[in-house]
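A.B. asks: Provided herewith is a single structure, encoded as structure tokens, for subsequent inquiry.
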């Protein structure tokens, strides 16, 4: 196997910094190259937040890079290796054939009323919409058909991998990442004799799309993973399963349901 070009992204926790320094030495000693500009492999060292940062840092190279996570704290959903397994990680990188697993992403387009150009994003976990100062009112369209008028704190649209994050905390379902779909989950919706929504998470296939149309005059905040866009005059936010995917190096990719059990249930013995 040819030597790899590797980029390292890590947080500033001491344990992560030390792991990054050690990993650099091991990679170079094994004939690989540290290349932060045009890598073949991006290794994040920290937790899921660090992996999210790495994803957005190299989002323009999704067709060319694979990601791999080393966690230096609690078990994460995107991190397969521990910081005490670096020698084994490098040996595996050097000796194994290229394999990867792909996960769906969320395509996000923010549209404005005043003629400004649309803003386009990809999300690995989720995007949310909330009103800044009052109950949010929004029309939810599936394809071109009005599905419901939402009133409440906001809405979350998550990928399958993001379904275990904020989506789960607000009552959304956990989806296996092999399912190419996105999920709409309401945040504290108002449901009574006057106002009514479906009140349950909606799983939207890759053939469909969502548009959340917002009323004129409101000020809203739209989040995309850990980033936020706070502006007035947002006309709508459009969501679909993205045509691009994120690829993870699957040298030792942990089973998804094993991750879920470890994260939320723990040892059953």
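A.B. asks: Any idea how many residues of the range 64-75 are touching a strand residue (DSSP E or B) at 6+ places or on another chain (Cβ under 8 Å) and either more than 25 Å from residue 163 (Cβ to Cβ) or crowded, with 21+ Cβ neighbours inside 10 Å (or both)?
C.D. replies: Narrowing the range 64-75 to residues touching a strand residue (DSSP E or B) at 6+ places or on another chain (Cβ under 8 Å): 65-73.
Add one more test, that the residue is either more than 25 Å from residue 163 (Cβ to Cβ) or crowded, with 21+ Cβ neighbours inside 10 Å (or both), and what stays is 65-72.
The number of residues fulfilling the criteria is 8.
A.B. asks: Let me spell it out: the conditions are (1) surrounded by fewer than 19 Cβ atoms within 10 Å (Cβ to Cβ); (2) modelled with pLDDT under 95, and residue 180 meets all of them except one. Which number is the exception?
C.D. replies: Exception for residue 180: condition (2).
A.B. asks: Just wondering, is there one or more residues in the range 27-41 that are over 19 Å from the mean Cα position of the chain (by Cα), in the same structural domain as residue 175 (by TED's automatic domain parsing) and modelled with pLDDT of 95 or more?
C.D. replies: Initial filter on the range 27-41 (over 19 Å from the mean Cα position of the chain (by Cα)): 27-40.
Filter once more, so that each one left must be in the same structural domain as residue 175 (by TED's automatic domain parsing): none.
No, the range 27-41 contains no residue that is over 19 Å from the mean Cα position of the chain (by Cα), in the same structural domain as residue 175 (by TED's automatic domain parsing) and modelled with pLDDT of 95 or more.
A.B. asks: Taking the range 91-117 only, how many residues are surrounded by fewer than 21 Cβ atoms within 10 Å (Cβ to Cβ) and more than 30 Å from residue 190 (Cβ to Cβ)?
C.D. replies: Taking the range 91-117 as the starting set, the residues that turn out to be surrounded by fewer than 21 Cβ atoms within 10 Å (Cβ to Cβ) are 91-92, 94-103, 107, 109, 111-117.
Those left that are additionally more than 30 Å from residue 190 (Cβ to Cβ): 91-92, 94-103, 115-117.
Residues in the range 91-117 being surrounded by fewer than 21 Cβ atoms within 10 Å (Cβ to Cβ) and more than 30 Å from residue 190 (Cβ to Cβ): 15 in total.
A.B. asks: Which numbered condition trips up residue 114, out of (1) at pLDDT 85 or above; (2) in the same structural domain as residue 49 (by TED's automatic domain parsing)?
C.D. replies: (2)
The values are calculated or read from the model by the stated rules, or taken from the named source; none is laboratory data. Keep in mind the model is a prediction, meaning the values are calculated, not measured. Using ideal geometry, Cβ is built from the backbone for each residue, glycine included, and neighbour counts are taken over all protein chains shown.
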